[in-house]
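Visitor: Below is a structure I'd like to ask you about.
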Amino acid sequence: MNRTFGKGVALLAAAICLALTTSPAEARDLSLQDAIAEALAANTGLRVTAQGEKTAEAELRAAKGANSWSASASASASTSKQKDEDRSTSSSLGLTFSLPLYTGGKNEANIRSSALGLDIAGLTTERKRETLKYDVIKAYFDALEARHTIDVDQDSVDYYAANLENVTQLYEAGSKARIDQLRASVELSDARQTLIKAQNNYEVDLATLRNLMNLDRTEPLNLTDDFTYDTFDISLDDSIAYALRSRKDILADEYTLQQKEEAVKIAEAGKKPSVSLSAGPTISQTFEPSGHNSYDVKAGVSANWNVFDSGVTNAQIDEAKANRDTAKLNLQKAQEDADLAVRTAYYNMREAEHRLDSTADAVGQAEQDAYIAREKYRVGEGILLDVIDARKALSTAKLNHISAQYDYVRYKAQVVNEMGIGLTDEERAAAAKIADTATPAVTAEPQKKEEPAKVQPKETKKDTTAQVEEKAAEESADKVADELAGNADT
């Protein structure tokens, strides 16, 4: 019995050791460029948009076919019997070819309109790719910011846990009041709540990134890139000018206006005659009362002119003109919206850039303030409220610096997106993978625009949060000691 029990204990111990040494599923390293490339190659929303090119290409083929030859076949069989006459049975087979010779410009306008539609579909897909790239960048840096926020909140939890233990010891020794212990416990609970929320935000941000990339929704990811400060040297005026001439959606609105102008021509063609050519053979055979075969070939030109339709054509023309005027206003509105979008993102980017330096300095100052408050309280010269306020100020300073960093890179990416700067060659190659299966062989190539100067800015480095904290930790201990003793220089 004892031997069996001992063997069971050994097996249990071995299982526990195996469980402790077995690592969970290894997280996949993911760089920002890899995330963008995979999203461009697999995003479902992009596939949906790309289907519009297939539709537009089919519409163009239909418009061209309507202006070319068409053939129709007909067949009939009949039998009849009248009073005092023999029964008659016959059949006929005919084939007719037709070609529109003149449609008042309707067919030609339809072809031009459909060709514009194919261009619009291509521009729409390209703009969707650019927007998807920005969405991935934003989601990637949202997740990174959330991860660093967790680090700050975890530090706060650890600090408040140690502080509670210290206050409890002082309370038990009779040197601190019960209220200090209660307040320290409350602050620890609040810090834990904040940490839980930060952890949830991180998971949500990762889920958003996986969704954009169309990954397994449970695949663990390790984001390998982080904040680096890159200057953006394009002026606001140049950014707006570039957007107005290069945004794919604005170009699409220009093509849409041209489509509406073609629609006016199509409506006006209703007032003009149409002429078509038709020709084809007909074979007839009579079975009763006597066998007889005949073979005829007919050819002719027919014209049709609608001279009166109770104002229907005029109403269609007025509707087409109203749609054209609406398209003009939509184009103007798109240009105004692009101007505002670039300005807003640009101002936000510059504001975040200015916050980088000020928040970095604030972290160092808050580190010193928290240390002084903690040491004063430890030696009995301060109150717990000062310690808590100083710690909250330190956490706020760190979070503000993190926010400034990631606000800058996000707004910078938004400026690039609002300007309509196209994909890189590597990103186009990745996007081509989805095009092989989701788009037709014939696609509209958007007009290639010259990239503005300095689109690839020179990279410079600024201190990260960890570097700021290291610098703060290296402050002179003698200076802090002098301040505690009241001997610091004033």
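The values are calculated or read from the model by the stated rules, or taken from the named source; none is laboratory data. Computed from a prediction, not measured in an experiment: that's the story for all the values here. Heads up, the Cβs are rebuilt from the backbone with ideal geometry, glycines too, and the neighbour counts pull from every protein chain shown. The area values use the complete protein model at the heavy-atom level, side chains included, leaving out ligands, DNA and RNA. Shrake-Rupley method; radii C 1.70, N 1.55, O 1.52, S 1.80 Å.
Visitor: I need every pair where a residue in the range 207-230 that is within 15 Å of Arg28 (Cβ to Cβ) has its Cβ under 6 Å from the Cβ of a residue that is assigned to a loop (DSSP other than H, G, I, E, B) and open to solvent by 60 Å² or more (accessible area, probe 1.4 Å), sequence separation at least 6 or different chains.
Guide: Taking only residues 6 or more apart or on different chains, the pairs are Arg210/Arg217; Pro220/Ala25.
Visitor: A further question on this structure: Failed condition for Ala73, given (1) touching a Gly at 6+ places or on another chain (Cβ under 6 Å); (2) modelled with pLDDT under 90, with all others met?
Guide: (1)
Visitor: Anything in the range 355-375 that is under 30 Å from Tyr134 (Cα atoms) and open to solvent by 50 Å² or more (accessible area, probe 1.4 Å)? List them, or say none.
Guide: Those that are under 30 Å from Tyr134 (Cα atoms) and open to solvent by 50 Å² or more (accessible area, probe 1.4 Å): Arg355, Asp357, Ser358.
Per-residue answers, yes or no, for (1) of a type outside the set (D, E, K, R); (2) in a helix (DSSP H, G or I):
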| position | (1), (2) |
| --- | --- |
| Leu277 | yes, no |
| Asp309 | no, no |
| Lys321 | no, yes |
| Tyr347 | yes, yes |
| Arg355 | no, yes |
| Gly380 | yes, no |
| Leu394 | yes, yes |
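Visitor: Working only within the range 23-52, note down all residues that are surrounded by fewer than 18 Cβ atoms within 10 Å (Cβ to Cβ), touching a strand residue (DSSP E or B) at 6+ places or on another chain (Cβ under 9 Å) and over 24 Å from Glu126 (Cα atoms).
Guide: Within the range 23-52, Glu26, Ala27, Arg28, Asp29 qualify.
Visitor: Consider Lys265 against the criteria (1) assigned to a helix (DSSP H, G or I); (2) within 24 Å of Gln414 (Cβ to Cβ); (3) open to solvent by 50 Å² or more (accessible area, probe 1.4 Å): it satisfies all of them except one. Which criterion is unmet?
Guide: It fails just one condition, (2).
Visitor: Turning to a different aspect of this structure: Is it the case that Phe227 is at pLDDT below 95 and surrounded by 18 or more Cβ atoms within 10 Å (Cβ to Cβ)?
Guide: So Phe227 passes the test.
Visitor: Is it the case that some residue within the range 401-410 is over 30 Å from Ile36 (Cβ atoms), open to solvent by less than 20 Å² (accessible area, probe 1.4 Å), part of a helix (DSSP H, G or I) and in contact (Cβ under 8 Å) with a residue 24 or more places away in the chain?
Guide: no
Visitor: So if I check each of Gly104, Gly94, which one is assigned to a loop (DSSP other than H, G, I, E, B), over 30 Å from Asp425 (Cβ atoms) and open to solvent by less than 30 Å² (accessible area, probe 1.4 Å)?
Guide: None of the others qualify; the one that does is Gly104.
Visitor: Quick test of your reading of the structure: Ser310 fulfils all but one of (1) open to solvent by 80 Å² or more (accessible area, probe 1.4 Å); (2) in contact (Cβ under 8 Å) with a residue 60 or more places away in the chain; (3) among the polar types (S, T, N, Q). Name the failing condition by number.
Guide: Tallying (1) open to solvent by 80 Å² or more (accessible area, probe 1.4 Å); (2) in contact (Cβ under 8 Å) with a residue 60 or more places away in the chain; (3) among the polar types (S, T, N, Q), Ser310 fails exactly one: (2).
Visitor: For the range 236-253, name all the residues that are within 13 Å of Asp339 (Cβ to Cβ) and among the hydrophobic types (A, V, I, L, M, F, W, C).
Guide: Answer for the range 236-253, where residues must be within 13 Å of Asp339 (Cβ to Cβ) and among the hydrophobic types (A, V, I, L, M, F, W, C): Leu236, Ile240, Ala241, Ala243, Leu244, Ile250.
Visitor: Right, here's the next one. Which one of the conditions (1) in contact (Cβ under 8 Å) with a residue 12 or more places away in the chain; (2) open to solvent by less than 40 Å² (accessible area, probe 1.4 Å) does Ile283 fail to meet, given that it meets all the rest?
Guide: Tallying (1) in contact (Cβ under 8 Å) with a residue 12 or more places away in the chain; (2) open to solvent by less than 40 Å² (accessible area, probe 1.4 Å), Ile283 fails exactly one: (2).
Visitor: Looking only at the range 254-276, count every residue that is closer than 29 Å to Asp339 by Cβ and hydroxyl-bearing (Ser, Thr, Tyr) and tell me the total.
Guide: 2
Visitor: Further question on the same structure: Consider the range 313-354. How many of its residues are touching a residue at least 60 places away in the same chain (Cβ under 8 Å), farther than 27 Å from Glu418 by Cβ and either among the acidic types (Asp, Glu) or open to solvent by 40 Å² or more (accessible area, probe 1.4 Å) (or both)?
Guide: Going through the range 313-354 one residue at a time, the tally reaches 2.
Visitor: Among the candidates Asn200, Asn166, which residue alone is free of Cβ contacts under 8 Å to residues at least 40 places away in the same chain, in a helix (DSSP H, G or I), surrounded by fewer than 19 Cβ atoms within 10 Å (Cβ to Cβ) and polar (S, T, N, Q)?
Guide: Asn200
Visitor: Given the residues Tyr242, Tyr255, which is the only one that is open to solvent by less than 60 Å² (accessible area, probe 1.4 Å), among the aromatic types (Phe, Trp, Tyr) and in contact with an Asp or Glu (Cβ under 6 Å, 6 or more places away or on another chain)?
Guide: Within the list Tyr242, Tyr255, the selection yields Tyr255.
Visitor: On to the next question. What is the one condition in (1) closer than 26 Å to Ala139 by Cβ; (2) part of a helix (DSSP H, G or I); (3) in contact with a helix residue (DSSP H, G or I) (Cβ under 9 Å, 6 or more places away or on another chain) that Ile421 does not satisfy?
Guide: (2)
Visitor: Could you check how many residues of the range 356-392 are among the β-branched types (Val, Ile, Thr) and either within 41 Å of the chain's Cα centre (by Cα) or closer than 26 Å to Ala404 by Cα (or both)?
Guide: 4
Visitor: Additional query: Mind checking which residues of the range 203-220 are open to solvent by 30 Å² or more (accessible area, probe 1.4 Å) and either assigned to a loop (DSSP other than H, G, I, E, B) or not β-branched (Val, Ile, Thr) (or both)?
Guide: Across the range 203-220, the qualifying residues are Glu203, Asp205, Ala207, Asn211, Asn214, Asp216, Arg217, Thr218, Glu219, Pro220.
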